[in-house]
Protein chains: 2
Amino acid sequence: MSVEPIRDRRSERRQATIDEILETAWRLARVEGLAGLSLRELAAEVGMRPQSLYSYFDSKHDIYDAMFAAGYRQLLARQAEWEMVGEPHADVRTMADTFIGFCTEDPVRYQLLFQRTIPGFEPSPESFTLAVQCLDVTVAQLAELGIDDPRHIDLFTAIGTGLTDQQISNDPGGDRWTRLIDDATAMFLHHVSSSTPATRSRRKRP
Amino acid sequence: MSVEPIRDRRSERRQATIDEILETAWRLARVEGLAGLSLRELAAEVGMRPQSLYSYFDSKHDIYDAMFAAGYRQLLARQAEWEMVGEPHADVRTMADTFIGFCTEDPVRYQLLFQRTIPGFEPSPESFTLAVQCLDVTVAQLAELGIDDPRHIDLFTAIGTGLTDQQISNDPGGDRWTRLIDDATAMFLHHVSSSTPATRSRRKRP
DNA sequence: GTCTATATCCAGATAGAC
DNA sequence: GTCTATCTGGATATAGAC
């Protein structure tokens, strides 16, 4: 009987082509800019006619969406490698390092994942779910450290994106803002610990 | 003699047309996205043929450049209205309110002025000078308050862009992050005041 | 200054043959 | 799946009439 194919060579080949297209798309986007990505050039780089790309993706936005999902899967993988020690400063620093490092090492990916600069592009619900998961992981980890005030969480994400944004915009490739991560971590944690826990819960370590 | 024209009606008319083109360009960019601005639609909206725009601007990038300069002149005007009282918290808050309010009230303007998302667009040296002036005003004002450590200045700009970025990206039109400005100001000022001013901005351990 | 007319080049997308 | 052929449209630029 021939109805239990362990591998589907056709699917594998198709997936390999899709992967190659996406890899090439990332490379071109880093050179030409995210919005400057051209299907003609993309097709030429993978040895196809532009129209043939439509066998793999419904539209240019569909390619952006696949890149969006791939980017968030990479960030989720990075977060899965976290080794927390239970000490707030070290752990918050680890979280900030992960996020800011991930963003600054590939500004085009940061632009696609965290800014909305492609006219008309909205991630699909499935892709957006990955973005929500990343935030959930962050929120859960902060809660482990006793940081559960929504305002504190929002402040943390603002500090992370702020350092990232300034680093990318005003000192690309340098460390003018990334070297401030340790100071910013201390600043943030002092603020959290000095907030009046009147209406909010404080550290809840069982 | 007839060589003392108080007004040049021809120049005035030309300038009025330029202003109308730029106003329309802003309006379209807010609808279509900054990168989605089209010269055809822009010309149609001001009642011209697309080619006629070239009588006023050399290229599309030249239009972006004029918008860039106009945006920074608006921010400079906003900064010129500052009424400082000499009290760090109030004054830093005023500065943060000005910047974040200016950015969030027009995300497209923020994108053009502070992010680099138009492939191939670089502001002209003359326009870039305006951006430098805005930063100079901020740095000078922080110095008035005794904040002159470059790391503190960089941290301040990072907090401002972080709150702005999160507000625009994740709660457009709301106040989820802008309402944190007061907390962030206190957090920042405590960090500044607890740093040792003598050595290399290391955190002091009392 | 603005128009008509024209030109090239590039872009995303679709139809249908093989 | 890939191709040829074709469509619509944008960006840039130049010609010359009025």
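The values are calculated or read from the model by the stated rules, or taken from the named source; none is laboratory data. Keep in mind that what you see is a predicted model, and the values were worked out from it rather than measured. Backbone-built Cβ (ideal geometry, glycine too); neighbour counts: all protein chains shown.
Give segment B:30-56 a look and list any residue that's of a type in the set (Ser, Thr, Tyr) and either at positive phi or more than 6 Å from DNA strand D (Cβ to nearest atom) (or both), or say none.
So the first thing to find is which residues in segment B:30-56 are of a type in the set (Ser, Thr, Tyr), and the list is B:38, B:52, B:54-56.
B:Ser52, B:Ser55, B:Tyr56, listed by residue number.
Return the residues of segment A:92-111 that are over 22 Å from A:His152 (Cα atoms) and in contact (Cβ under 8 Å) with a residue 40 or more places away in the chain; say none if nothing qualifies. Within segment A:92-111, A:Thr104, A:Asp106, A:Pro107, A:Val108, A:Arg109, A:Tyr110, A:Gln111 meet the criteria.
One residue stands out among those in segment B:52-68 that are of a type in the set (Ser, Thr, Tyr) and within 11 Å of DNA strand C (Cβ to nearest atom): the one that is surrounded by the fewest Cβ atoms within 10 Å (Cβ to Cβ), which is B:Ser55.
Are any of the residues in segment A:21-39 closer than 29 Å to A:Arg116 by Cβ, modelled with pLDDT under 95 and of a type in the set (D, E, K, R)? Yes, the conditions are met somewhere in segment A:21-39. Taking into account only those residues within segment B:122-163 that are small (Gly, Ala, Ser) and out of contact with any Ser or Thr (no Cβ under 8 Å at 6 or more places or on another chain), which is nearest to B:Lys60 (Cα to Cα)? By that ranking, first place goes to B:Ser124. Reported count of residues in segment B:126-168, each being surrounded by fewer than 17 Cβ atoms within 10 Å (Cβ to Cβ), more than 12 Å from chain A (Cβ to nearest Cβ), part of a helix (DSSP H, G or I) and more than 16 Å from the chain's Cα centre (by Cα), is 3. Checking each residue in segment A:21-47 for being within 11 Å of DNA strand C (Cβ to nearest atom), outside any helix (DSSP H, G or I) and closer than 15 Å to A:Phe57 by Cβ picks out A:Leu37, A:Ser38.
With respect to the conditions (1) within 16 Å of DNA strand D (Cβ to nearest atom); (2) among the hydrophobic types (A, V, I, L, M, F, W, C); (3) in contact (Cβ under 8 Å) with a residue 60 or more places away in the chain, A:Met84 falls short on a single one, namely (1).
Take B:Arg78 and tell me if it is among the basic types (Lys, Arg) and modelled with pLDDT under 95.
Numbers: among the basic types (Lys, Arg): yes; modelled with pLDDT under 95: no.
Against the criterion (among the basic types (Lys, Arg) and modelled with pLDDT under 95), B:Arg78 does not qualify.
Annotation: B:Pro123 fulfils all but one of (1) at the interface with chain A (Cβ under 10 Å from one of its Cβ atoms); (2) closer than 30 Å to A:Arg116 by Cβ; the unmet one is (1).
Might you check whether a residue that is among the aromatic types (Phe, Trp, Tyr), away from chain A (no Cβ under 14 Å) and in contact (Cβ under 8 Å) with a residue 40 or more places away in the chain occurs anywhere in segment B:38-54?
Initially, segment B:38-54 is screened for residues among the aromatic types (Phe, Trp, Tyr), giving B:54.
Add one more test, that the residue is away from chain A (no Cβ under 14 Å), and what stays is B:54.
Checking which are in contact (Cβ under 8 Å) with a residue 40 or more places away in the chain leaves us with none.
No: zero hits.
Does A:Ser59 satisfy being within 14 Å of another protein chain (Cβ to nearest Cβ), over 30 Å from A:Asp148 (Cβ atoms), within 16 Å of DNA strand D (Cβ to nearest atom) and modelled with pLDDT of 95 or more? So A:Ser59 does not fit the description; no.
Criterion first (farther than 25 Å from B:Glu20 by Cα, surrounded by fewer than 18 Cβ atoms within 10 Å (Cβ to Cβ) and within 14 Å of another protein chain (Cβ to nearest Cβ)) does B:Ile100 satisfy it? Spelling it out, it is not the case that B:Ile100 is farther than 25 Å from B:Glu20 by Cα, surrounded by fewer than 18 Cβ atoms within 10 Å (Cβ to Cβ) and within 14 Å of another protein chain (Cβ to nearest Cβ).
Return a yes/no flag: does segment B:75-95 have any residue that is closer than 30 Å to A:Leu28 by Cβ and assigned to a helix (DSSP H, G or I). Checking segment B:75-95: not a single residue is closer than 30 Å to A:Leu28 by Cβ and assigned to a helix (DSSP H, G or I).
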